[in-house]
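> This structure is in structure tokens; I'll ask about it shortly.
Read-outs throughout are calculated quantities, based only on the coordinates presented, and are distinct from any laboratory measurement. What you see is a predicted model, and the numbers here were worked out from it, not measured in a lab. Using ideal geometry, Cβ is built from the backbone for each residue, glycine included, and neighbour counts are taken over all protein chains shown.
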Amino acid sequence: MTGTTSAVLSTAAPSPPYRRGFANAAELREVVAAAHRTALWRTAGTAAVDQLSVPVLALAIGVWALPALPVWAALLVGALAVAAIGRQLRALECLVHEASHFNWSRRRRGLNDALAFALAALPTGARIADYRESHLRHHGRFGTADDPDRQRYEELRLEELDRSSLRAFTAGLARRFGAYQRGWLASLGAAPAVTALPLAWAAVMVGVPGWLLGGPAGASGALAVWLLGHALALPVIRFVGESSEHVYRGTETVVDATISNLGLVQRLVFHPHGDGYHTVHHLWPGVPHHRIAALHRALLRRDHGYASGLRYRTRVLAPPVRGAAGLG
């Protein structure tokens with residue numbers, strides 16, 4: 001991030017991290033403890049399905065659909081496939097996030113990282129060690145000048161995004177998108193070889209089968225669909241998701257500054273694999289993706305402090321509201 005951002009935060013942000021703002025209910029301690037159990041092969045299987053879906057989509061469109069359909073239909077189907085590929089790659093990024101907390105496997109940490117690299121990080125260009133260092137700083141130094149997420153929020157003025165209409169929100173994202181992408185790519189600058197890993201992955205998983213199934217044209221079409229999904233749809237989906245997770249200004253606790261995104265479209269597209277249950281994640285980062293929704297529901301039913309303090313959206317364009325006693 002820029003030096004200007006750090007200078008602003010050094011005076012505006014508190015020195016100690018935000019207080020948690022939530023006290024565990026004693027009667028729910030066993031429920032919370034049980035929610036921390038990992039399931040390595042379930043998570044690995046989820047990642048494998050997400051990863052394999054990307055070349056399947058690219059090949060189906062690039063090799064078969066584009067040559068066979070009228071131009072208007074090919075453009076429509078191609079656009080849908082590009083968006084779907086971006087979403088699947090976003091899902092893999094969420095599983096890299098899971099690996100950074102050792103939520104694939106708590107006890108077999110080497111296997112946690114090895115499988116996460118092969119199944120989730122390789123197709124997306126993430127580097128687990130670097131991501132872990134940055135993300136754990138976000139948790140450990142939440143709300144301070146050392147919090148990389150707060151740095152990004154301040155630099156891009158994300159809390160000022162206008163969500164009053166789709167047009168206004170899209171325009172606000174578009175004005176910030178170049179700076180957002182430059183910041184993301186700069187985070188990979190220390191390891192430029194990581195940037196090339198998705199290209200090598202795509203050559204093997206998309207280009208080779210595309211050539212075998214449809215010759216040079218098939219390979220080119222499939223790779224073009226993948227490239228648009230990776231280079232355009234994924235960053236847009238990620239940006240929408242990351243811009244919706246926190247409100248730092250005027251807050252003093254983790255619960256108050258964290259927004260859960262609970263609508264169907266949010267959970268399916270922008271926050272897959274439980275990423276939308278962001279308040280639970282910040283209270284208990286060790287709860288894996290396949291248990292976080294159930295813990296959220298249990299807390300809504302049985303913990304008044306959680307239900308009354310939760311800040312959430314059910315639509316991307318909605319402002320966050322507080323108090324979720326009626327949510328399921």
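> Please compute the modelled spin-label separation between LEU136 and ARG315, points set 7 Å along Cα→Cβ, answer in nm with one decimal.
My value for the distance between the label points is 4.1 nm.
> Peptides 215-226, 164-175: what's the order by average Cβ count within 10 Å, highest mean first?
215-226, 164-175
> Say each of ALA179 and GLU160 gets a label point 7 Å from the Cα, pointing the same way as Cα to Cβ; how far apart are those two points in nm?
0.8
> Hey, another quick one. Of the listed values [x] 19.9, 68; [y] 21.8, 71; [z] 20.4, 63, identify the label whose number matches Rg and Dmax of the Cα atoms in Å calculated from this model.
Calculated Rg and Dmax of the Cα atoms in Å: the matching label is [z].
> Under a point-charge model restricted to the Cβ atoms of Lys and Arg (+1) and Asp and Glu (-1), what is the dipole moment magnitude of the chain relative to its Cα centre, in debye to the nearest 20?
Dipole size: approximately 540 debye.
> If amide H atoms are built 1.01 Å from N in the plane of the peptide, which residues on other chains or at least 5 residues away come under 5 Å of the amide H of HIS246?
For HIS246, the qualifying residues are ILE259.
> With the dipole of the chain worked out from charges on the C-beta (+1 for Lys and Arg, -1 for Asp and Glu) around the Cα centre, which of PRO70, ILE292, TYR180 lies farthest toward the positive end?
ILE292
> With +1 assigned to the C-beta of every Lys and Arg and -1 to the C-beta of every Asp and Glu, and no other charges, what is the dipole magnitude of the range 217-305 about the Cα centre in debye, to the nearest 20?
300
> So if we plug the beta-carbon distance of VAL71 and VAL49 into 1/(1 + (r/R0)^6) with R0 = 22 Å, what FRET efficiency do we get, rounded to 0.05?
With a Förster radius of 22 Å, E is 0.10.
> So how far apart, in nm, are the two label points at ALA193 and LEU232 if each is 7 Å from Cα heading toward Cβ?
3.2
> Hey, if you put +1 on the Cβ of every Lys and Arg and -1 on every Asp and Glu Cβ in the chain, which of TYR277, ALA168, ALA114 ends up farthest toward the positive end of that dipole?
So the residue we want is TYR277.
> Right, here's the next one. Using +1 at the C-beta of Lys and Arg and -1 at the C-beta of Asp and Glu, which of PHE102, VAL82, LEU92 has the Cα lying farthest in the positive direction of the dipole of the range 46-185?
Towards the positive end, the residue furthest out is PHE102.
> Cα centroids of the range 69-125 and the range 284-300: how far apart, whole angstrom?
Cα centres, the range 69-125 to the range 284-300: 21 Å.
> Then there is this: Quick check: the angle from helix 40-59's long axis to the longest principal axis of the chain, C-alpha only, nearest 10 degrees?
The answer is roughly 40 degrees.
> When the Karplus curve 6.51 cos²θ - 1.76 cosθ + 1.60 is applied with θ = phi - 60°, which whole-Hz ³J(HN,Hα) does each residue of the range 280-290 get, with x for Gly and Pro?
Couplings: 4, 4, 6, 6, 9, x, x, 7, x, 4, 7 Hz.
> Then there is this: If you put +1 on each Lys and Arg Cβ and -1 on each Asp and Glu Cβ, how big is the dipole of the range 121-247 around its Cα centre, in Debye rounded to 20?
About 220 debye.
> Per 10 Å bin from zero, what fraction in whole % of the C-alpha pairs of the range 177-282 is there, up to the bin with the longest pair?
Taking all Cα pairs of the range 177-282, the binned fractions are 13, 28, 32, 19, 6, 2 percent.
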